[in-house]
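Values quoted throughout were computed directly from the atomic coordinates according to the rules given, and no laboratory measurement underlies them. As the structure is a computational prediction, the values presented were derived from the model and not from experiment. FYI the Cβ positions are ideal-geometry reconstructions off the backbone, even for glycines, and counts take in every protein chain you see.
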Amino acid sequence: MTQNTPLKEGVFPYNVLVMFLPDEKHGVPRPPLFASAVTAGFPSPADDFIEGALDLNKHLVRRPAATFFVRVEGASMNGAGIFAGDLLIVDRSLEARPGHIVVAVVGGDLTVKRLVQTRAGWQLMAEHPDYPPIPLDDGAECAIWGVVTGSVRQF
């Protein structure tokens, strides 16, 4: 298993969506960020104060040069709150550790799973009972592309 290694330097032949979030530098205004949290109960008219503009880059991307986005397909990570259609934020600069959710290339296929270490060795575990773990023995073709740091979902 290798860490953060593209198949060819700078070339990512898989279906990875790379994008940058809008900001004022590029002429796209940032939406306002309200100073108070939203409640799931009754709204308070006293909470009509705006804290400032919301820059999603500040909240979602810690290391822009090492971050990419990828859209999820399938249901193997539903138990972790990751669903088909979600946009994952992946940081290539973080060292993958046990318990991290990672994006990996296994046998030429891109996948998102939880990295776990068991007595049998390293495995990529799904968060759904219908999907078996993927053992990462010495013969496994696997490269960890990055650690998932967040998810964006539209309703």
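Once both labels are positioned 7 Å from their Cα atoms along Cα-to-Cβ, the gap between E73 and E95 label points is 3.4 nm. Taking label positions 7 Å along the Cα-Cβ direction at both H128 and Q154, the computed distance is 2.2 nm, reported to one decimal. Between E141 and A53, the distance separating the two model label sites (each 7 Å from Cα on the Cα→Cβ line) works out to 4.7 nm.
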